[in-house]
1. When you scan segment 67-177 for strands (runs of 3 or more DSSP E) that lie fully inside it, which ones turn up with 1 or more residues that are of a type in the set (F, W, Y) and over 27 Å from Y27 (Cα atoms)?
2. Going through K41, K14, K26 one at a time, which residue ends up being surrounded by 14 or more Cβ atoms within 10 Å (Cβ to Cβ), at pLDDT below 95 and out of contact with any helix residue (DSSP H, G or I) (no Cβ under 7 Å at 6 or more places or on another chain)?
3. More than 17 Å from the chain's Cα centre (by Cα) and at pLDDT below 95: is that true of R65 in this structure?
4. Pull out all pairs, ordered by first then second residue, where Cβ-Cβ is under 8 Å, the residues are six or more apart or on different chains, the first lies in segment 17-41 and is without any contact (Cβ under 8 Å) to a residue 60 or more places away in the chain and aromatic (F, W, Y), and the second is surrounded by 12 or more Cβ atoms within 10 Å (Cβ to Cβ) and part of a helix (DSSP H, G or I).
5. So, in segment 178-203, exactly how many residues are within 14 Å of P136 (Cβ to Cβ) and part of a strand (DSSP E or B)?
6. Checking the condition at positive phi and either free of Cβ contacts under 8 Å to residues at least 24 places away in the same chain or surrounded by fewer than 16 Cβ atoms within 10 Å (Cβ to Cβ) (or both), which residue from N61, N84, N66 passes?
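The values are calculated or read from the model by the stated rules, or taken from the named source; none is laboratory data. All of these numbers come straight from a predicted model, not from anything done at the bench. Ideal geometry is used to build each Cβ from the backbone, glycine not excepted, and the neighbour counts take in all protein chains shown.
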Amino acid sequence: MSNLFTLFPTLIYKDALSEHAELKKKYVPELIELFKQQPDKKAPWAKFCNSWQDNEFFVNNPDKRNLLEDAITPHIHKWFKRYNLSSFDYKITYWFNVHTSDMYQETHDHMLGQLVVCGIYYLQLDEKDTPVVFVPHQTIYQSHLRNIGITHNHEELAFDSSDILQIREGDLILFAPDSKHLAPKAKQKHEGYRISLAFNVAVTRPFIPSGTHEN
């Protein structure tokens, strides 16, 4: 009996949040107002990007975090369970991205500190927008096939995730910290905003026998 093994995959989780309508109503208007008041806010790492980030939204208003955290945490626990991770204490760090149709983020990863999993939740995403695009660590075989005139049509040989994930507004995406990804400009110019919550889940105290997450 023959077997085909897909070794060393890029791990991506996607699910639509049932609480999306409530979350969008609660957060989007205030985020748009913050963007208009301080249009030049940018994270230090994003010097090669045309991007806007705010990581202070929950710092001064921790009570505003609860609704989002309650919606997201069960999905993070699904990731823990799927990969049978040992028990650990963790902390979630959040920031918001607000982009007009001509704004973007260059390819990057989140390999820093003691991160376990990272995520993006799309609070607002127009059909003209382009959501996150993941790219493989290497495309040597794919490029070789193309160079010798061989075509293919299979997601395991894709150059990026844009035609595979089909991300919509309200979707939550989880991914491993080493996953290379980018946020391109919108497919078409429009007057709206692409708004997302991004977050990192980091270990604060590993290997606690009692655990702090439910498997």
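1. Output list reads 88-99.
2. So the residue among K41, K14, K26 that is surrounded by 14 or more Cβ atoms within 10 Å (Cβ to Cβ), at pLDDT below 95 and out of contact with any helix residue (DSSP H, G or I) (no Cβ under 7 Å at 6 or more places or on another chain) is K41.
3. Numbers: more than 17 Å from the chain's Cα centre (by Cα): yes; at pLDDT below 95: yes.
Yes; evaluated as a whole, the condition is true for this residue.
4. Pairs that qualify, where the first residue is without any contact (Cβ under 8 Å) to a residue 60 or more places away in the chain and aromatic (F, W, Y) and the partner is surrounded by 12 or more Cβ atoms within 10 Å (Cβ to Cβ) and part of a helix (DSSP H, G or I): there are none.
5. Going through segment 178-203 one residue at a time, the tally reaches 3.
6. N84
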